[in-house]
Structure formats: C-alpha cells, structure tokens
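The values are calculated or read from the model by the stated rules, or taken from the named source; none is laboratory data. Predicted model, so just to flag it, every value in this text is computed and none were measured. We place every Cβ from the backbone using ideal geometry, glycine too, and count neighbours over all the protein chains shown.
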Amino acid sequence: MAEWRTRAEITADVVFFKYASDQAEGEAQEVFIWDLDKTYLDTKFETLKGLYQTALEKAFQKRNVPGTGALVRALRNSWQESHSGREDFPIYFITASFPQMEKKIHEKLNLDGIYPYGIFLKDNLKNLRPKRLWRLTHQIGYKLQALLQLRLHLRDDVRQVLWGDDSEADATIYSLYSDICARRLTEKDLRLVLKSFRVVGNQMETILRLQQEIPENDPVEKIYINLAADTDTEYYTKFGRRTLPTYNTFQTAIDLFQDGRLKPEQVGRVAQDMIQNYGFTKEEFEKSLEDLAKRPALSEKAAEEIVPFLQTEGFVHDNFEFTHRPRQVKSQIGERVFELEGNYEPWVPENVDYLHDYR
C-alpha cells in the first residue's frame, strides 16, 4: 500500500489529508477554503505535459499567484490577533493534484508560513486511460464532493470564505455548493444540473447522500474569484454580489480590508510583496482601485481610510483621485459590507442559471 494511503481519508477520488484535531475543526466559527491551482499557486493543468511538469516540481520551485502568500499570512495574523494570539489558522486547500504530491504541497505551504487544517487532493491516476482522460481536468464533481465532506467536519453554524479562479468553474462550484447546503434546488433539479456538468453515477449519488447528512443552512459568506483567464467581471453578476471577481490579489486585500478582516498595514504587506517580487507598479494599484469603485464594489468609507495610507506608504501617487466616486454603504452587519448605494443584483440569488453559460 502506498504510504500516503495510511494517512488519508479516501472516498472515491477525493483524498483528504487532515492535520488539525477534531476539537480545532469543531471550534472554528470561520473557515477559509482556498483552491490551490491558479488561485494560490501558478500551476498549469491544461495539458498532460503541464500536469507532469507540475508533479515534478520541488516545493521551493512552485510559484505563487502574485501576492497570495503575503495575503494568507496577513489573514492568518489578523485571525490570530482576534483570537487571543492562537497559533493555528483554520484554512483548507483543495487541489486537483495527485495525492502523491501531498508532501511537496504541504512543504511549499510551510515554506510560505502556512500550516493548513487540511488539504484535499484528487486521486487522478485511475483517469490516465483513453476513455477517462476528460476527468483529469473536469473538477466540478470532485470539488463539490470535497466541500460537502469538509462540511461534515465543521460546526453547524460555521461561516466559510472561499477562494477560486475562472479556469475551473469555481464560481459555479461554490455557488452550487451553497445551493446544495441551503436546499435551494429540488432533487430533480439538482440531478439535472449535476448531469449537465458530467457529474454522474456514483459521484452524483455520493453528493446527494452527503446533502442529507449536512446541516440545512448556507455556510458561505463570501466568494473570491481570481480572474486567471481574464473573464469579464459582468459574467459573475448571475452569482450575486457575494461573489467578487478580482484581477489581482491587491483587489482581494482591499475588499478584505473593507470587511474588517485586514488592517491597512496588512494590505500594505500584500502590496509590498507584489512590488518587490512581481514588479507591480503604482499605476497598476491605482487601476485596481478605480476598477473596484467603478463596478461598484468599494465604499466611500473604505476608500477614505485606505487611500491616504497607500499614498503615505508610496503604493499610489500622492495626487491619485477616483474618476468614479466610491459609493456609500447601504447595508452592513458588524464590519461586513453587504450593499452600497444604488440598485444591484441580490447578495445571493434564489435561482442561478447553471444550464446556460454566456461567457
């Protein structure tokens, strides 16, 4: 038996390596879930050659999406500060990498100062056959099953913040996961949607069974989508305002600041990492701020707080001004911003059109 099998929870092609205790998982009121490929790491899974090259990389050779390492460390520090200096951090990763790569991935995360509660990997070797090759890069069923299995590890009232990208339909996966948890779809409609995404057979039945076992509520608080394939942000309006597509990690950090999850200096660490290690410029940061204001996704209050800091630290020009004025907050619970002035799509739609993709 392969060594990794003795350390993992295996259900079909979903392989879970758990590093946290049952108590730690059960106590976490807020959990962060991060897709690894093209969301945290700059991996290339589009071809068999890319998959093979990724498998051969050593831990220190794996490349981050610009700013992601700094962002996760900033979130970790912020969470630890708000939880009386705890040294752990409730974050999970999901990847389509083979379970044989788990040690390299775990080592890479540790090199970045990140010690996850767990990692999901996909047992893809069985798909290296002519009639099953499509399953190598088809992740919807795998990721849905992984998310639902993780849901069983967590408390009933947990809140989840999810990160994905636009290369593997993560917005669809996360929205559908939310709908499955909240029971927004009938079993007939859910079967139809899953079948349209080629989730069939035992995997479909496993997903339906897991739905019966999880609490009947929606744990998803926010969804961030890294636009690795540069999809138009307008496409994501069908998923509601809870789903925020971002062109870079700096935009994500700004929104996390707006929601009270990061402090200005923590946003600054993300920006500094993007300048020093990835060559980002003041003009790119200014364009990112302008884009958030234009959509609109940046509040006047958050802009008035963060822009002077960014100017003082030299991340944007001293004379930077918005062309599109940020809007005032209309709806807020605690530090979380849910609505700005104006008429927009709902926070969470009652019905998402999963069967038609107009990208």
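Collect the residues in segment 345-359 that are under 21 Å from Arg184 (Cα atoms) and of a type outside the set (S, T, N, Q), keeping them in residue-number order.
Hits for segment 345-359 are Glu345, Pro346, Trp347, Val348, Pro349, Glu350, Val352, Asp353, Tyr354, Leu355, His356, Asp357.
For residues that are part of a loop (DSSP other than H, G, I, E, B) and without any contact (Cβ under 8 Å) to a residue 12 or more places away in the chain, scanning just segment 69-100, find the one that is nearest to Arg7 (Cα to Cα).
Glu87
Within segment 329-346, how many residues are assigned to a loop (DSSP other than H, G, I, E, B) and either surrounded by fewer than 13 Cβ atoms within 10 Å (Cβ to Cβ) or free of Cβ contacts under 8 Å to residues at least 12 places away in the same chain (or both)?
Just the residues of segment 329-346 that are assigned to a loop (DSSP other than H, G, I, E, B), to begin with: 334-335, 341-346.
Subsequent filtering for residues that are either surrounded by fewer than 13 Cβ atoms within 10 Å (Cβ to Cβ) or free of Cβ contacts under 8 Å to residues at least 12 places away in the same chain (or both) retains 334-335, 342-343, 346.
Residues that pass the stated criteria total 5.
Out of Thr233, Thr237, which single residue is in contact with a Lys or Arg (Cβ under 7 Å, 6 or more places away or on another chain), among the β-branched types (Val, Ile, Thr) and either closer than 30 Å to Phe257 by Cα or without any contact (Cβ under 8 Å) to a residue 12 or more places away in the chain (or both)?
One residue alone meets the criteria, Thr233.
Hand me the list of helices (runs of 4 or more DSSP H) wholly inside segment 170-247 holding 2 or more residues that are within 17 Å of the chain's Cα centre (by Cα).
By residue number, 170-182.
Taking the criterion of being in contact with a strand residue (DSSP E or B) (Cβ under 8 Å, 6 or more places away or on another chain), in a helix (DSSP H, G or I), of a type outside the set (Gly, Ala, Ser) and touching a residue at least 24 places away in the same chain (Cβ under 8 Å), would at least one residue in segment 294-312 satisfy it?
yes
Would you say Val329 is in contact with a Ser or Thr (Cβ under 9 Å, 6 or more places away or on another chain) and farther than 18 Å from Glu234 by Cβ?
Answer is yes for this residue.
Could you check, for segment 178-185, whether at least one of its residues is at pLDDT below 95 and either buried (at least 23 other Cβ atoms within 10 Å of the Cβ) or farther than 16 Å from Ile207 by Cα (or both)?
There is no residue in segment 178-185 that is at pLDDT below 95 and either buried (at least 23 other Cβ atoms within 10 Å of the Cβ) or farther than 16 Å from Ile207 by Cα (or both).
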